[in-house]
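**Q** Here it is, the structure in full.
The values are calculated or read from the model by the stated rules, or taken from the named source; none is laboratory data. Owing to the predicted nature of the structure, the values given are computational and were not obtained by experimental measurement. We place every Cβ from the backbone using ideal geometry, glycine too, and count neighbours over all the protein chains shown. Just the protein is used for accessible areas: all its heavy atoms, side chains included, with ligands, DNA and RNA removed. Shrake-Rupley method; radii C 1.70, N 1.55, O 1.52, S 1.80 Å.
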Amino acid sequence: MPNPEEENPLPKVSSAPLIVDVEFTEIEDDEIEKNNTSDSIQSSSVHSPMELPSSLPSPKNRARIVTVTNQKGGVGKTTSVINIAAQLALRGYSILVVDCDSQGNCATGLGVDKSKVSITTRDLILNPESSINSRHATAVDNLHIIVGDKTLIGLEQEMMRQLGRERRLKEALQNLLPYYDLVIIDTPPSLGLVTINALVASDGILIPVQTEYFALEGLALLTGTIREVRSLLNNKLGVDGIIMTMHTNSLLNQQVAGELIDNYSDLLIKPAIRRNVRIAEAPSHGIPIHLHDPSSAGGKDYQEITTILEKRWGLI
Ligand SMILES: Nc1ncnc2c1ncn2[C@@H]1O[C@H](COP(=O)(O)OP(=O)(O)O)[C@@H](O)[C@H]1O
Ligand SMILES: [Mg+2]
């Protein structure tokens, strides 16, 4: 019997590109310190066992796009978007917040009345030509917002029928990028199509993690999604940092923080944001913590975090 392998040999498979350059090296304590204080984003090498890829430096001549995400609800995504965006705007940068969550809390927290807004993130995604007109001023100078609202519910279903459905937001934002220093996207607590759109559009991801029991498990799930998006839709996507939120001195919080430091030393941004009532009450006044009570523990923590991000994002 002829051997089909001899006549028609199978072409050799080329090796699949690795998602990340994994280097399992022991990191000395003083090296961790060095990494933590480094001013710029490192190249895409990863030391952590869960292999979260680092992001690339900001592109020249256009805004960096950063998505703040974690599929867990109530971990401080929206609070971090509002306060980091506002702090950067107060420092003189032009910032655009894009709220992709149907709860629309970014608008409320920045003093914008959602009920008076007619063009929202839903319109931005469905009609990219509406991008310029979809922006609204906020209670903070230099800080604009594209408002998310309940019309985002059901959008994923509608998008399923559309071609290029994962890239709609990326395309819609293109026109706006020359006018801003940073675009920061808030996401819903899910890894659905809207969050995928945000990841496809982004240069970097910022992950707020509450220092509670399931933090590492949640990060593992997110890691899988980031890898998939990287290999299929956006090979430049990487993580800008992990921030610890609602942190207290409890033993559990300290232990989880310790585990995060052990696993993600180079991506972890310190200090942890302390649980602080002034942060929780600021949105009820429609202002960020830096206008409500800048000298509170939460105000100081967000200022320190913002200073590190300002450097990582190449703003200074
Ligand atoms: N550092 C903090 N201290 C106290 N409360 C906080 C802090 N960060 C967030 N919160 C509160 O926790 C709740 C959930 O935060 P939020 O930012 O809406 O989370 P997510 O967007 O991830 O669902 C909100 O009521 C918020 O005011
Ligand atoms: Mg939120």
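**Q** Check every one of the helices (runs of 4 or more DSSP H) wholly within the range 66-134 and list those with 1 or more residues that are more than 13 Å from ligand 1 (Cβ to nearest atom), open to solvent by 10 Å² or more (accessible area, probe 1.4 Å) and closer than 30 Å to Leu163 by Cβ.
**A** In the range 66-134, the matching helices (runs of 4 or more DSSP H) lie at 121-126.
**Q** So, one more: Would you mind finding the one in Asp186, Asp203, Asp240 that is surrounded by 23 or more Cβ atoms within 10 Å (Cβ to Cβ), closer than 22 Å to Leu52 by Cβ and within 16 Å of ligand 2 (Cβ to nearest atom)?
**A** Asp186 is the lone residue from the list that is surrounded by 23 or more Cβ atoms within 10 Å (Cβ to Cβ), closer than 22 Å to Leu52 by Cβ and within 16 Å of ligand 2 (Cβ to nearest atom).
**Q** So if I check each of Arg91, Arg64, which one is within 24 Å of Gly314 (Cβ to Cβ) and within 13 Å of the chain's Cα centre (by Cα)?
**A** Working: Arg91 fails: within 13 Å of the chain's Cα centre (by Cα).
The unique qualifying residue is Arg64.
**Q** Please determine, by comparing only the residues of the range 206-237 that are more than 19 Å from Ile65 (Cβ to Cβ) and among the polar types (S, T, N, Q), which one is most open to solvent (accessible area, probe 1.4 Å).
**A** Ser231
**Q** Looking only at the range 263-308, count every residue that is touching a strand residue (DSSP E or B) at 6+ places or on another chain (Cβ under 7 Å) and in a helix (DSSP H, G or I) and tell me the total.
**A** 6
**Q** Can you tell me which residue is farthest from ligand 1 (Cβ to nearest atom) among those in the range 270-289 that are buried (at least 21 other Cβ atoms within 10 Å of the Cβ) and under 18 Å from Leu309 (Cα atoms)?
**A** Among those residues, the one meeting the criterion is Pro288.
**Q** Given the options Ile273, Ile316, Ile269, name the one that is in contact with a helix residue (DSSP H, G or I) (Cβ under 6 Å, 6 or more places away or on another chain), within 16 Å of ligand 2 (Cβ to nearest atom) and either more than 23 Å from Leu110 (Cα to Cα) or modelled with pLDDT of 95 or more (or both).
**A** The match here is Ile273.
**Q** Given the criteria aliphatic (A, V, I, L, M), under 28 Å from Arg91 (Cβ atoms), assigned to a loop (DSSP other than H, G, I, E, B) and open to solvent by less than 60 Å² (accessible area, probe 1.4 Å), does Ala139 qualify? Spell out the reasoning first.
**A** Numbers: aliphatic (A, V, I, L, M): yes; under 28 Å from Arg91 (Cβ atoms): yes; assigned to a loop (DSSP other than H, G, I, E, B): yes; open to solvent by less than 60 Å² (accessible area, probe 1.4 Å): yes.
Yes: the conditions hold for Ala139.
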